[in-house]
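Notes for the one structure printed next.
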């Protein structure tokens, strides 16, 4: 069924199920407990994990498990028109959904009353920044040696007029012909669990199901890139 | 997947990856699911006989009872000292865990900023307790302190101390390595201490290679030639 979508024309000439060129690097911030970079074409995300460490103020401490905090930050030079520095409404939201996408994979109960901070910086943005951020953050958490069940891989699914595509760029996000563009960021664990699903635009329930299938396939590719990055890190 | 034939062989695994399947016991950093042993963290997977465990490569130091660590006094209370042992938990050294009789102002014994070699006695969810009763434990009055990756401490010590003994012998320094990655070096002069420090940093950078003790011997030879 999915094969039919192959007639979608994309501005950069990619196939409908082809993500942009991906690159991942692990252990790039010396002062962090764990760090990683993830790139989807022109979208570059940098993640650093700080912790587990003692949580202050004390009233935030949970004696049963550690707190996971996620900060998403778009650097002012990451977009064509300079963005105002500092966290805005959008940054808080994305930080929160990233936290939810990752928290179920980490065993936070081993670190009671402590905190794990994840700082995600978007160095260069060309859509799918939250997906790149989640991929980088998951790599950084693994690099920090935290006990976790599995990794998280994320990709965005889009709908250009009627056809589904994988990994949207900014140009595709602003597509206005026909039904317009729909943006559907998804995050999967390798075992097939969905940890993030958001949507912008409109989509029929059949196409949504198809989109999820497409996203799962694309996330498998992302997972391979993540795995490669972690395995090559030990070679040095 | 690690094959049954190449026993004791190590490979890097990522969280959630299958290490082996079959009749194996899950050790540190692994879990069993549907007869498969899966990795619970990132590290080197090691299969020894039928026990599977993961040796961490990165991450913070997690205290264990019996570990000797080097800590810094960060606060003084009425009943003891709060210590920083580079681990996330609250760490406490009680007055009753001191070998000498202590009376009056605790800062007269150990003050903020002092470095102490301690042993971990208990690890609970509330925090970690330390003791300085024991041989070679207590305050360092002089010397050099350096920090290394706590996951590489076993490499720097070497098999039954082979590596550390080599460094001690070549540099004429006294060295104490805490399991938390803090190293104390005391030599007759600064040059010896710096030499020992450089050697330890060399091992820290190289520690994925096997046959390391021989490499360090070569390293010392090269330094002597350059003089």
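The values are calculated or read from the model by the stated rules, or taken from the named source; none is laboratory data. Here the structure is a predicted model, which is why all the values come from computation and not from measurement. Please note: Cβ atoms are built from the backbone with ideal geometry, for glycine as well, and neighbour counts cover all protein chains shown.
Could you count how many residues in the range B:123-144 are exposed (fewer than 13 other Cβ atoms within 10 Å of the Cβ) and more than 14 Å from chain A (Cβ to nearest Cβ)? Explain how you work it out, then say what you get.
Pass one, the range B:123-144, residues exposed (fewer than 13 other Cβ atoms within 10 Å of the Cβ): B:124-125, B:135-136, B:141-142.
Keeping just the survivors that are more than 14 Å from chain A (Cβ to nearest Cβ) gives B:135-136, B:141-142.
The qualifying residues number 4.
Here's a check for you: in the range A:97-127, which residue that is assigned to a loop (DSSP other than H, G, I, E, B) and in contact with a helix residue (DSSP H, G or I) (Cβ under 9 Å, 6 or more places away or on another chain) is surrounded by the most Cβ atoms within 10 Å (Cβ to Cβ)? Full working, then the answer.
If we filter the range A:97-127 for residues that are assigned to a loop (DSSP other than H, G, I, E, B), which is where we start, we get A:104-105, A:107, A:111-113, A:125-127.
Filter once more, keeping what is in contact with a helix residue (DSSP H, G or I) (Cβ under 9 Å, 6 or more places away or on another chain): A:105, A:113, A:125-127.
On the way: A:105: 21, A:113: 22, A:125: 20, A:126: 21, A:127: 24.
So, considering only residues that are assigned to a loop (DSSP other than H, G, I, E, B) and in contact with a helix residue (DSSP H, G or I) (Cβ under 9 Å, 6 or more places away or on another chain), the one surrounded by the most Cβ atoms within 10 Å (Cβ to Cβ) is A:127.
Given the criteria touching a residue at least 60 places away in the same chain (Cβ under 8 Å) and either at positive phi or away from every other protein chain (no Cβ under 14 Å) (or both), does residue A:49 qualify?
Considered against the rule, which asks whether it is touching a residue at least 60 places away in the same chain (Cβ under 8 Å) and either at positive phi or away from every other protein chain (no Cβ under 14 Å) (or both), residue A:49 comes out as no.
Provide a single number: the residues in the range B:102-121 that are in contact (Cβ under 8 Å) with a residue 40 or more places away in the chain and more than 13 Å from residue B:69 (Cα to Cα).
Of the residues in that region, 2 qualify.
Would a scan of the range B:70-92 turn up a residue that is modelled with pLDDT of 90 or more, surrounded by 14 or more Cβ atoms within 10 Å (Cβ to Cβ), within 9 Å of chain A (Cβ to nearest Cβ) and in a loop (DSSP other than H, G, I, E, B)?
The answer is no, given that none of the residues of the range B:70-92 is modelled with pLDDT of 90 or more, surrounded by 14 or more Cβ atoms within 10 Å (Cβ to Cβ), within 9 Å of chain A (Cβ to nearest Cβ) and in a loop (DSSP other than H, G, I, E, B).
Looking at the range B:8-38, which of the residues that are in contact (Cβ under 8 Å) with a residue 24 or more places away in the chain, facing chain A (nearest Cβ under 9 Å) and not in a loop (DSSP other than H, G, I, E, B) is surrounded by the fewest Cβ atoms within 10 Å (Cβ to Cβ)?
Within the range B:8-38, the subset in contact (Cβ under 8 Å) with a residue 24 or more places away in the chain is B:8-15, B:19-20, B:23-30.
With facing chain A (nearest Cβ under 9 Å) added as a condition, the list becomes B:11-15, B:29.
Restricting the remaining residues to those that are not in a loop (DSSP other than H, G, I, E, B) gives B:11-13.
Working: B:11: 15, B:12: 21, B:13: 27.
Checked the range B:8-38; the qualifying residue surrounded by the fewest Cβ atoms within 10 Å (Cβ to Cβ) is B:11.
Taking the range B:126-159 as the search range and keeping residues that are assigned to a strand (DSSP E or B) and touching a residue at least 40 places away in the same chain (Cβ under 8 Å), which one is farthest from residue B:192 (Cα to Cα)?
B:128
Within the range B:41-55, take every residue that is assigned to a strand (DSSP E or B) and either within 12 Å of the chain's Cα centre (by Cα) or more than 14 Å from every other protein chain (Cβ to nearest Cβ) (or both) and give me the one that is surrounded by the fewest Cβ atoms within 10 Å (Cβ to Cβ).
This residue is B:48.
Consider residue B:59 carefully, then state whether it is on the phi > 0 side of the Ramachandran plot, in contact with a strand residue (DSSP E or B) (Cβ under 8 Å, 6 or more places away or on another chain) and at pLDDT 90 or above.
Here the answer is no, as residue B:59 does not meet what is asked.
I'm trying to understand the selection: among the residues of the range B:175-226, which are surrounded by 13 or more Cβ atoms within 10 Å (Cβ to Cβ) and part of a loop (DSSP other than H, G, I, E, B)?
B:178, B:179, B:180, B:181, B:187, B:207, B:208
Got a sec? Which strands (runs of 3 or more DSSP E) wholly within the range A:144-236 have at least 1 residues that are away from every other protein chain (no Cβ under 14 Å) and at pLDDT 95 or above?
Numbers: elements: A:153-160, A:163-166, A:181-188, A:194-197.
Passing ranges, in order: A:153-160, A:181-188, A:194-197.
Determine whether the range B:169-177 contains at least one residue that is under 19 Å from residue B:62 (Cβ atoms) and within 19 Å of the chain's Cα centre (by Cα).
Checked the range B:169-177: at least one residue is under 19 Å from residue B:62 (Cβ atoms) and within 19 Å of the chain's Cα centre (by Cα).
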